[in-house]
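The values are calculated or read from the model by the stated rules, or taken from the named source; none is laboratory data. Note that the structure is predicted; figures quoted are calculated from it, not measured. All Cβ positions, glycine included, derive from the backbone under ideal geometry; neighbour counts span all protein chains shown.
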Amino acid sequence: MDKKQQHHTVMDYLRWRGDLTFAADPFNEVDQLIFCIIAYLNFRRFPSLTTVKAGEATSLRTLAPLMRSEDEQQGLSQLEYLPLLRATAESRRFGEVGIFGYVTEKDISEEKQFDAVTFRLPDGSLFCAFMGTDTSIIGWKEDLNLSHLPAVPAQRRAVAYVEAIAAANRGRLLRLGGHSKGGNLAMYAALNVSSRVQKRIAAAYNNDGPGFAVSPWKEERNLPMAERIHSYIPAESIVGVLLQQQENYTVIHSDQHFLLQHEPMSWSVMGNRFVTLPQRSQLGQISERLADKWVEELSLTERRAFSDALYELLSNGGQYATLEEVWQHGGELLRRYHESKEEKSAIHAAADRFTQLWKEEMKRHAEKELKEARQGMKETADALRRRLLEKKKK
């Protein structure tokens, strides 16, 4: 993307193309991201949205005016998502889109955090959107569990959710999607629902979500569905390249840097498409290699030990439930870390290996840069010599 080119986001998309109906301009990748962002909002105050029947859905135009500040997004972003919902509700394209199938579940004993909602498009097709990680510590624990478990509770729940929506709305075309952990859930559900339901899934969208502890991508039974899974990863974001990810993901531009590129509201849009890049940035490639090596060098047992120890530390043995509480009691948790032998050992071992790999990667990168610089200087010197020889001949 040309640095001089003005940056546009999904909000600009709504201003540009909000007057175009889905009949005039078919469903596209930007539409799916909008649904995945809306999925972060808190719909607990509206029990009518829990219906699983598309015919009983509430239109976005009807719902948006009822939403209040207390219903703001539940994710880790510092941005507000209610303005996006209101913009969709006021548009011709999204105003009559229905919303239903709202589920929100949190279970500490199961180490599960699961939120999902479904949208009914004007043509009758459905989009199941899975929310990413919220500010609960148990949500973070489940994210860590992705690194060493073949399936976490939220993944199994995502399969059951899609099966239930499909059964209650027979014959309707399905699409799945999510951002961050929600993207992982969309992929897992698409790959693991029954073959009967898979036939109804037109596409599944993973927006910078992590992969899996064990790669499912080359299993023969998954190949037909894998071709309908679309992964989008910003040039420098690290989340979407963690664990075993699809190889043919699309690199997109963001106006933020490094971890902040994970914010979907920062993704660049032009027309009805994302602004794409030929490859990940240099920083993105370095962090990707580092993450891959770190995970590869830790055994499943070590990953589990690290996950359990970090959770015990942050939750203070189960006393704290949210990240807000962690920030409030940071000093106390730091003392616990220094006093705890078992937790400190598991965390320290993983952290030390990461630090060592970082040093090795930086050394390798520096050597590569030096080699390229020397090669450039040599090529420049050779070119100057040729010019001098040509002048002498004349």
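Do we find a residue being modelled with pLDDT of 80 or more and loosely packed, with under 14 Cβ neighbours inside 10 Å anywhere in the stretch 347-362? Within the stretch 347-362, none of the residues are modelled with pLDDT of 80 or more and loosely packed, with under 14 Cβ neighbours inside 10 Å.
Among the conditions (1) at pLDDT 80 or above; (2) surrounded by fewer than 17 Cβ atoms within 10 Å (Cβ to Cβ); (3) assigned by TED's automatic domain parsing to the domain that holds Ala351, the only one that Arg303 does not satisfy is (2). Among the residues making up the stretch 61-115, those that are β-branched (Val, Ile, Thr), crowded, with 17+ Cβ neighbours inside 10 Å and in a strand (DSSP E or B) are Ile99, Val103. Listed by first and then second residue, the pairs linking a residue in the stretch 101-126 that is closer than 30 Å to Thr21 by Cα and β-branched (Val, Ile, Thr) to a residue that is modelled with pLDDT of 95 or more and part of a loop (DSSP other than H, G, I, E, B), with Cβ atoms under 9 Å apart and 6 or more places separating them unless they lie on different chains, are Val117/Ala39; Val117/Leu41; Val117/Phe43; Val117/Met131; Thr118/Val52; Thr118/Ala57; Thr118/Asn169.
Residues of the stretch 36-60 that are of a type in the set (Gly, Ala, Ser) and either assigned to a helix (DSSP H, G or I) or not assigned by TED's automatic domain parsing to the domain that holds Phe119 (or both): Ser48, Ala54, Gly55.
Could you please give the count of residues in the stretch 136-170 that are touching a residue at least 12 places away in the same chain (Cβ under 8 Å), part of a loop (DSSP other than H, G, I, E, B) and over 18 Å from Asp308 (Cα atoms)?
Residues of the stretch 136-170 that are touching a residue at least 12 places away in the same chain (Cβ under 8 Å), as a first pass: 136-155, 157-159, 161-166, 168-169.
After this cut, where a residue has to be part of a loop (DSSP other than H, G, I, E, B) as well, the list is 146-152, 169.
Next, only the ones that are over 18 Å from Asp308 (Cα atoms) stay: 169.
So the count comes out to 1.
Just to be sure before I move on: is Leu33 assigned to a helix (DSSP H, G or I), over 19 Å from the mean Cα position of the chain (by Cα), touching a residue at least 40 places away in the same chain (Cβ under 8 Å) and on the phi < 0 side of the Ramachandran plot in the structure I sent? It is false that Leu33 is assigned to a helix (DSSP H, G or I), over 19 Å from the mean Cα position of the chain (by Cα), touching a residue at least 40 places away in the same chain (Cβ under 8 Å) and on the phi < 0 side of the Ramachandran plot.
For every residue, the table says whether it meets (1) within 24 Å of Ser109 (Cα to Cα); (2) assigned by TED's automatic domain parsing to the domain that holds Pro26; (3) not polar (S, T, N, Q).
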site	(1), (2), (3)
Arg273	no, yes, yes
Leu277	no, yes, yes
Leu290	no, no, yes
Ser307	yes, no, no
Glu312	yes, no, yes
Gln319	yes, no, no
Glu325	yes, no, yes
Gly330	no, no, yes
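In this structure, is Asn192 buried (at least 23 other Cβ atoms within 10 Å of the Cβ) and modelled with pLDDT of 95 or more? Considered against the rule, which asks whether it is buried (at least 23 other Cβ atoms within 10 Å of the Cβ) and modelled with pLDDT of 95 or more, Asn192 comes out as no.
If only one of Ala164, Ala202, Ala151 is touching a strand residue (DSSP E or B) at 6+ places or on another chain (Cβ under 7 Å) and either surrounded by fewer than 18 Cβ atoms within 10 Å (Cβ to Cβ) or at pLDDT below 95 (or both), which one is it?
On the way: Ala164 fails: touching a strand residue (DSSP E or B) at 6+ places or on another chain (Cβ under 7 Å); Ala151 fails: touching a strand residue (DSSP E or B) at 6+ places or on another chain (Cβ under 7 Å).
On inspection, the qualifying residue turns out to be Ala202.
Here Glu296 passes the criteria (1) assigned to a helix (DSSP H, G or I); (2) within 20 Å of the chain's Cα centre (by Cα) except the one numbered (2).
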